[in-house]
1. Identify all residues within segment 309-333 that are touching a Lys or Arg at 6+ places or on another chain (Cβ under 9 Å), part of a loop (DSSP other than H, G, I, E, B) and under 13 Å from Leu354 (Cα atoms); write none if there are none.
2. Which of (1) modelled with pLDDT of 95 or more; (2) open to solvent by 30 Å² or more (accessible area, probe 1.4 Å) is the odd one out, the single condition Gly24 does not satisfy?
3. Is it true that some residue in segment 216-227 is surrounded by 22 or more Cβ atoms within 10 Å (Cβ to Cβ), without any contact (Cβ under 8 Å) to a residue 40 or more places away in the chain and within 17 Å of the chain's Cα centre (by Cα)?
4. Do we find that Val150 is in contact with a helix residue (DSSP H, G or I) (Cβ under 7 Å, 6 or more places away or on another chain) and buried (at least 18 other Cβ atoms within 10 Å of the Cβ) in this structure?
5. Restricting attention to segment 232-243, does a residue exist that is touching a Leu at 6+ places or on another chain (Cβ under 6 Å), of a type outside the set (Asp, Glu), under 17 Å from Ile78 (Cα atoms) and open to solvent by less than 10 Å² (accessible area, probe 1.4 Å)?
6. Given the criteria at pLDDT 95 or above, in contact with a Pro (Cβ under 9 Å, 6 or more places away or on another chain), among the small types (Gly, Ala, Ser) and open to solvent by 20 Å² or more (accessible area, probe 1.4 Å), does Ser249 qualify?
7. When you look at Val124, is it without any contact (Cβ under 8 Å) to a residue 24 or more places away in the chain, touching a strand residue (DSSP E or B) at 6+ places or on another chain (Cβ under 8 Å) and in a strand (DSSP E or B), yes or no?
8. Among the residues that make up segment 69-76, is at least one of them among the hydrophobic types (A, V, I, L, M, F, W, C) and surrounded by 14 or more Cβ atoms within 10 Å (Cβ to Cβ)?
Amino acid sequence: MIPDPRPGILDITPYKPGLPAPAGAVKLSSNENPLGCSGNAARAFRDAAEKLHVYPDGSVTRLREAIGKAEGIDPARIVCGAGSDEILQLIGRAWLGADDVVLQSQYGFLVYRLVAMQSGASIVSAPEREHRTDIDAMLEAAAEHKPRIVFLANPNNPTGTWVPREDIIRLREGLADDCLLVLDAAYGEFVDDPAFESGMGLVDQYDNIIVTRTFSKIHGLAGLRLGWACAREEVIGILNRVRGPFNVSVPAVEAGIEAIADTGFITRSKQHNARWVDFLTQQLRGVGLEVTPSVCNFVLVHFPSTPGKTADDANRFLTAKGLIVRDVKAYGLPDALRISIGLDDDNRRVADALSEFMG
């Protein structure tokens, strides 16, 4: 007889990643870097094969120093993990209990709900306005529900939208002092607008902000699972108490050190992405589709409810063309598809296929 799990565990719907691409198809469902990763990072990964019998440095000192140098922050304010997903889980483990509330925006990243439910906490979603986080709605929900943690992805997945620095500050100022604001900046490197603030510049100003980052997106190390967070040293000390002692592998450390230093690869990735986000947005709007303005490495495309032209119809059509994209029903967006930016020919194929689909 299997012992019953803690109450609420069986209510969790496991996270479903983007579908893999069968042989001959193109995977545009997981927001991966189509350019791969830094050649320096790949070489460091291969060289790490000689060290696989050795435990990693539990404090990942060299990686934190490399991140600190690249970002201009004190390594003592950094904690690393197996992807930013693990950092989010650690935050839940450290601060959430059964009587707590987590607040997110309407189309917040699905992992936030998982973090809440795994801790027995409840989740509240504030409505968005035109697929953008509505700070007034967030503050209204916070006043009513008194959240322990507020998760805010900026920019957001799956919408691709963002909120400016002044709104982040307004949100933080409007929350209770004992509420932790977690700014998930997984896609922050793609944004060049001077009004954007990942949150890194606010850590000195506020005790109760954590900024999470990842190597999975612009650095192209999704397969290694590597992420990090920045906060006050006292906050980092709490997270270090709940993380595993060797939660970042030797190959991930070595590849991460090289990846964050390779500014040339980062620049090429940003330029490629900006070009093709603009291309797809223009082309798909040109055939009558609504595309949410995106600063990320994907576009959110909205389809009509007309039979034969729905998101489900489009998904089947693209799949038949060998183009695997992301169904976003789980986010409450049944009439939309999220399409990752691919290589040049992949993006042209998407535009041509949806032009044909729309007739």
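1. The answer is Lys321, Gly322, Val325.
2. (1)
3. The answer is no; no qualifying residue exists.
4. The answer is yes for Val150.
5. Yes, segment 232-243 contains at least one residue that is touching a Leu at 6+ places or on another chain (Cβ under 6 Å), of a type outside the set (Asp, Glu), under 17 Å from Ile78 (Cα atoms) and open to solvent by less than 10 Å² (accessible area, probe 1.4 Å).
6. Considered against the rule, which asks whether it is at pLDDT 95 or above, in contact with a Pro (Cβ under 9 Å, 6 or more places away or on another chain), among the small types (Gly, Ala, Ser) and open to solvent by 20 Å² or more (accessible area, probe 1.4 Å), Ser249 comes out as yes.
7. Against the criterion (without any contact (Cβ under 8 Å) to a residue 24 or more places away in the chain, touching a strand residue (DSSP E or B) at 6+ places or on another chain (Cβ under 8 Å) and in a strand (DSSP E or B)), Val124 qualifies.
8. The answer is yes; a qualifying residue exists.
The values are calculated or read from the model by the stated rules, or taken from the named source; none is laboratory data. The structure displayed is predicted, hence computed values, not measured ones. Positions of Cβ are backbone-derived with ideal geometry, glycine not excepted, and every protein chain shown enters the neighbour counts. Please note that ligands, DNA and RNA were not included when accessible areas were found on the heavy atoms of the full protein model with its side chains. Shrake-Rupley method; radii C 1.70, N 1.55, O 1.52, S 1.80 Å.
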